[in-house]
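In what follows, a structure is listed as structure tokens, so that the remarks can point back to it.
The values are calculated or read from the model by the stated rules, or taken from the named source; none is laboratory data. Because the structure is a prediction, the values reported are computed rather than measured. Cβ atoms come from the backbone with ideal geometry, glycine included; neighbour counts cover every protein chain shown.
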Amino acid sequence: MTTGKKPWSGRFQKSTAGNVEKFTSSIHYDRRLYSYDIEGSIAHATMLAGQNIISQKEAKKIVSTLKDILKDIEKGKLKFMAADEDIHMAIEKELIKRIGETGGKLHSARSRNDQIVLDVRLYLRAEIKKITALTTSLQLRLLEMAKREIKTIMPGYTHMQKAQPVLLSHYFLAFGEMFSRDIQRLKDCLGRLNVLPLGAAALAGTGLPIDRNRTAKLLYFPEVSKNSMDTVADRDFIAEFIFAASLIMMHLSRFCEDLVLWSSDEFGFVEISDAYTTGSSIMPQKKNPDVAELIRGKTGRVYGDLIAIMTILKGLPMTYNRDLQEDKEPLFDAVDTVESCLAIFTEMLKHCEFNAAKMIMAAKGGFSTATDIAEYLVGKGMPFRRAHEIAGKIVSYCLKNEKGLDNLTLKEFQTFYRGFADDIKNIITPDKAVNSRKHAGGTATEAVLKRIKDFEKDIRKI
Ligand code: ARG
């Protein structure tokens with residue numbers, strides 16, 4: 001079964017086979033670009049009239065009909081079908097159906113090759129703004145949490161072993177920094193994609209006297225693309241965006257991994273509320289951190305989208321090839337996934353209660369202030385390597401005698417080094433250890449408070 005006459009039918013003796021129509025069609029997913037396609041066409045028609053390529057009257061008719069079509073799509077009155085092939089053809093077909101021959105003038109000086117890049121650039125420009133706003137909301141939540149937990153001390157880990165005590169606020173702001181870089185990357189990507197592709201036409205430009213700067217102005221593009229071949233072949237901006245999205249997902253995923261671990265009975269550092277967890281169908285006692293796990297899992301899917309676009313692009317001869325139609329599903333999937341994950345994760349944080357008592361208890365164990373003993377000795381003029389060795393011997397002694405660093409007497413300390421004085425007792429509590437790290441980037445309360453203040457300003461600047 002085949003449907004309808006194709007715009008290219010002049011050269012063809014036979015009509016397209018039904019299964020080819022179905023196979024080549026992208027309307028079921030590129031229909032989401034309809035508003036951008038229409039916005040682009042309105043600007044294009046306006047420019048064509050400005051250049052006398054079509055008459056003002058014709059442009060007016062085209063523009064008002066396109067606006068009607070937009071309303072009808074929004075109301076669900078216009079149904080698309082596979083035979084429409086893609087969103088460009090579907091809208092153009094409808095335009096011609098409504099205003100006849102005049103509708104056929106819209107495609108002057110344009111090809112679907114530059115039209116699709118325009119639609120995707122307009123779409124992604126809007127989505128990047130949304131994703132940036134979502135990431136900023138997450139930043140604000142982290143900031144709020146950092147302020148709230150300024151007194152909470154937790155054990156910091158390296159190699160998943162207790163390492164040194166840190167403020168929970170410092171931990172939250174660590175992710176704050178990662179998400180700041182993510183926002184910068186999005187901004188960067190936006191700068192590169194914010195370029196008008198229309199005018200490249202199929203690949204070589206057009207002989208018609210177009211005014212690309214006018215179209216750019218109408219669509220709020222600060223510049224026009226500089227090479228027509230590059231314009232229709234390039235999908236760097238999609239790869240770049242999905243990479244930025246992958247990093248956001250990776251950051252979310254690492255945070256989620258901690259929340260999953262921390263919500264276990266073994267850690268007990270956090271309780272995620274009932275509303276943001278799910279139960280087990282067999283084990284009545286279970287409360288599972290499924291939202292966090294799903295975000296972790298969906299990270300893999302966005303990486304998949306990145307690999308898909310990179311692989312689609314790698315062997316393409318210049319310039320446009322139909323393979324490029326395959327860019328949209330990974331892009332849309334990455335956008336949908338990162339947006340939904342950012343939104344739910346930010347909400348979930350509101351439903352997390354951090355257990356300060358469990359955290360400080362854990363910070364007291366595991367000899368997490370051993371480095372502070374070594375640094376104490378360095379303060380007394382000892383080379384760090386020797387100080388490290390002495391502190392290590394003290395830990396070994398404690399392990400053998402089942403003691404914590406805080407229950408050693410001064411006498412015991414002095415068996416390892418005579419220079420230990422009473423003040424050692426003040427050094428080895430988690431609180432003292434935390435607050436000794438006062439330098440920029442350190443975990444001391446005063447350093448973290450300063451960062452909180454600056455961070456707040458940084459967020460506003462983004
Ligand atoms: N649907 C196509 C895409 O997404 C639009 C461009 C088609 N161009 C063509 N010459 N067949 O890439």
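Here Lys147 fulfils each of the conditions (1) in contact with a Pro (Cβ under 8 Å, 6 or more places away or on another chain); (2) closer than 15 Å to Thr443 by Cα apart from (1). Of the helices (runs of 4 or more DSSP H) entirely within region 204-273, those holding at least 2 residues that are of a type in the set (Asp, Glu) occupy 236-262.
Every residue, every condition in (1) over 23 Å from Ala356 (Cα atoms); (2) part of a helix (DSSP H, G or I), yes or no:
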| residue | (1), (2) |
| --- | --- |
| Met382 | yes, no |
| Glu389 | yes, yes |
| Phe420 | yes, no |
| Asn426 | no, yes |
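Hey, does region 434-451 have a residue that's within 22 Å of Ser169 (Cβ to Cβ), surrounded by 12 or more Cβ atoms within 10 Å (Cβ to Cβ) and touching a Pro at 6+ places or on another chain (Cβ under 7 Å)? Scanning region 434-451, I find at least one residue that is within 22 Å of Ser169 (Cβ to Cβ), surrounded by 12 or more Cβ atoms within 10 Å (Cβ to Cβ) and touching a Pro at 6+ places or on another chain (Cβ under 7 Å), so the answer is yes.
Residues that are buried (at least 20 other Cβ atoms within 10 Å of the Cβ), more than 11 Å from Arg31 (Cα to Cα) and more than 14 Å from the ligand (Cβ to nearest atom) within region 72-101 comprise Glu94, Leu95, listed in sequence order.
Looking across Leu261, Leu294, Leu252, one residue alone is on the phi < 0 side of the Ramachandran plot and in contact (Cβ under 8 Å) with a residue 60 or more places away in the chain. It is Leu252. Whenever a residue of region 95-117 is free of Cβ contacts under 8 Å to residues at least 24 places away in the same chain and over 13 Å from Ala59 (Cα atoms), its partners that are of a type outside the set (D, E, K, R) and more than 12 Å from the ligand (Cβ to nearest atom), lying with C-beta atoms within less than 7 angstrom and at least six residues away or across chains, give the pairs Ile96/Gly103; Ile96/Gly104.
Per the listing Phe237, Phe332, the residue uniquely within 30 Å of Gly207 (Cα to Cα), among the aromatic types (Phe, Trp, Tyr) and in contact with a helix residue (DSSP H, G or I) (Cβ under 8 Å, 6 or more places away or on another chain) is Phe237. Of the numbered criteria (1) within 25 Å of Lys75 (Cβ to Cβ); (2) away from the ligand (no atom under 16 Å from the Cβ); (3) not polar (S, T, N, Q), the one Tyr36 fails is (2). I'd like to know if region 236-257 contains one or more residues that are within 16 Å of the ligand (Cβ to nearest atom), of a type in the set (A, V, I, L, M), closer than 24 Å to Glu329 by Cβ and more than 24 Å from the chain's Cα centre (by Cα). Looking for residues that are within 16 Å of the ligand (Cβ to nearest atom), of a type in the set (A, V, I, L, M), closer than 24 Å to Glu329 by Cβ and more than 24 Å from the chain's Cα centre (by Cα), one finds none in region 236-257, hence no.
Somewhere in region 343-357, is a residue more than 30 Å from Arg301 (Cα to Cα), surrounded by fewer than 17 Cβ atoms within 10 Å (Cβ to Cβ) and either more than 16 Å from the ligand (Cβ to nearest atom) or at pLDDT 95 or above (or both)? Yes, region 343-357 contains at least one residue that is more than 30 Å from Arg301 (Cα to Cα), surrounded by fewer than 17 Cβ atoms within 10 Å (Cβ to Cβ) and either more than 16 Å from the ligand (Cβ to nearest atom) or at pLDDT 95 or above (or both). So for region 60-78 (the condition being within 28 Å of Glu326 (Cβ to Cβ) and not in a helix (DSSP H, G or I)), does at least one residue qualify? Yes, region 60-78 contains a residue that is within 28 Å of Glu326 (Cβ to Cβ) and not in a helix (DSSP H, G or I).
Taking first residues from region 322-349 that are more than 22 Å from Pro289 (Cβ to Cβ) and in a helix (DSSP H, G or I) and partners that are small (Gly, Ala, Ser) and within 16 Å of the ligand (Cβ to nearest atom), the Cβ contacts under 7 Å between residues at least 6 apart in sequence or on separate chains come to Gln325/Ser26; Lys328/Ser26; Pro330/Ala308.
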